[in-house]
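K.L.:
The structure that follows is given in the form of C-alpha cells.
Every read-out reported here was derived from the displayed coordinates using simple, explicitly stated rules and does not represent laboratory data. What you are looking at is a predicted structure, and each value in this text was computed from that prediction instead of being measured. Don't worry about glycine lacking a Cβ; one is built from the backbone with ideal geometry, like all the others, and counts go over all protein chains shown.
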C-alpha cells in the first residue's frame, strides 16, 4: 500500500521539525521574489499555444504553461503534460482527439488542463506520488499559496511505481521515475523510436531550479535525475525540458554541471553553519547571477531540501 502523505511529511513518512515554516517576517522578504523563481512560467508565456514539429509524428506545443509533447496516433494523440487550465481549449484545437495524457508531475503548469482532457475522453497517467499529491492540500509557504485537492476528474486513473512501457500507434513509449528531483513524482517519457526525451521540470535550463521541498524535491535529486537522463540520451536525442527550448545532450550536460556547482556551493555554506537566512543575507548566489529567478526564494527552498537530506551529505557540522 502506498502511504498518503500530506504536505508537511518527509519522504520517510515522519514529520520533520526542521522543515517547519520560519517566522512570518522572514517569509515576507520572499513573497515578492517567488513569482520570479518561475512557478507560474510567465517568463516563458506566449500570446497563446503554438505547435512546432519535432518529427513527422511528434509535435512540441508551447505557450500553454509547461511544454507539451504530442505523439500522433491512429484516431487520436498522446500528450506528455497538457498545460494550464486556461489554455485547455486552445490546446485541444491544436491536438484534436486526445486518447492519453501522461503527467510528468502534479504542478498546475503541467496538469491544470487534466479535467478538460478527461472530459474530452483522455486517459490520465502519472507516477503514483503525483496522483497522491493531487488528492492533498499542498502549502507553498514561500509564495503564500495553498493548492486545494484536485477534482476527481483531474486525477490520473492509471499510475505506476518505477517504470512502465506501452506502444502508442507504432511508437514505443517508456516512462520512469526520477526520484525526489523537482518533486517526488517526477518522471521522464522517452519516445525511443523518435529519439525524443521529455524530462518535465527535472530539467530547468537557464534558471535557478524550482525545488518543491514540500513534495520532497531537492537539488541532489535533480542532480541524480539529470545523470539518469544523460545515460539514456545520445548525440541526436531531442531533449524537451518542462519549459524552454529543446536541448541537446551537450546542453543537458552543461545544465547538470551548473546544478552540481550550485549544490556543492550550498553544502559548503551549510557546513560553515549557515542557514537559509544567513545565505540570503550573504547574497550566496552572486556567482550565479546569469541564471533567471530570484536568488532569495531559491535559497529558501533549496536549503530546506538539503536539510532534509543532511545525513546523505555527511552531516552539516
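K.L.:
Only residues that are closer than 14 Å to residue 225 by Cβ and assigned to a helix (DSSP H, G or I): list them for the range 241-257, please.
P.N.:
Passing the criteria: 252, 253, 255, 256.
K.L.:
Tell me which residues, restricted to the range 55-76, are surrounded by fewer than 19 Cβ atoms within 10 Å (Cβ to Cβ), in contact with a strand residue (DSSP E or B) (Cβ under 8 Å, 6 or more places away or on another chain), in a loop (DSSP other than H, G, I, E, B) and touching a residue at least 60 places away in the same chain (Cβ under 8 Å).
P.N.:
The one that is surrounded by fewer than 19 Cβ atoms within 10 Å (Cβ to Cβ), in contact with a strand residue (DSSP E or B) (Cβ under 8 Å, 6 or more places away or on another chain), in a loop (DSSP other than H, G, I, E, B) and touching a residue at least 60 places away in the same chain (Cβ under 8 Å): 55.
K.L.:
Are any residues in the range 231-247 without any contact (Cβ under 8 Å) to a residue 40 or more places away in the chain and touching a strand residue (DSSP E or B) at 6+ places or on another chain (Cβ under 9 Å), and if so, which ones?
P.N.:
Of all residues in the range 231-247, those without any contact (Cβ under 8 Å) to a residue 40 or more places away in the chain come to 231, 233-235.
Result: 233, single match.
K.L.:
Give the range 114-140 a look and list any residue that's under 30 Å from residue 298 (Cβ atoms) and either buried (at least 21 other Cβ atoms within 10 Å of the Cβ) or within 16 Å of the chain's Cα centre (by Cα) (or both), or say none.
P.N.:
114, 126, 127, 128, 129, 130, 131, 132, 133, 134, 138, 140
K.L.:
In this structure, is residue 194 surrounded by fewer than 24 Cβ atoms within 10 Å (Cβ to Cβ), part of a loop (DSSP other than H, G, I, E, B) and either touching a strand residue (DSSP E or B) at 6+ places or on another chain (Cβ under 8 Å) or without any contact (Cβ under 8 Å) to a residue 24 or more places away in the chain (or both)?
P.N.:
Answer is yes for this residue.
K.L.:
Is the range 217-235 home to any residue that is buried (at least 24 other Cβ atoms within 10 Å of the Cβ) and farther than 22 Å from residue 305 by Cα?
P.N.:
Among the residues of the range 217-235, not one is buried (at least 24 other Cβ atoms within 10 Å of the Cβ) and farther than 22 Å from residue 305 by Cα, which makes the answer no.
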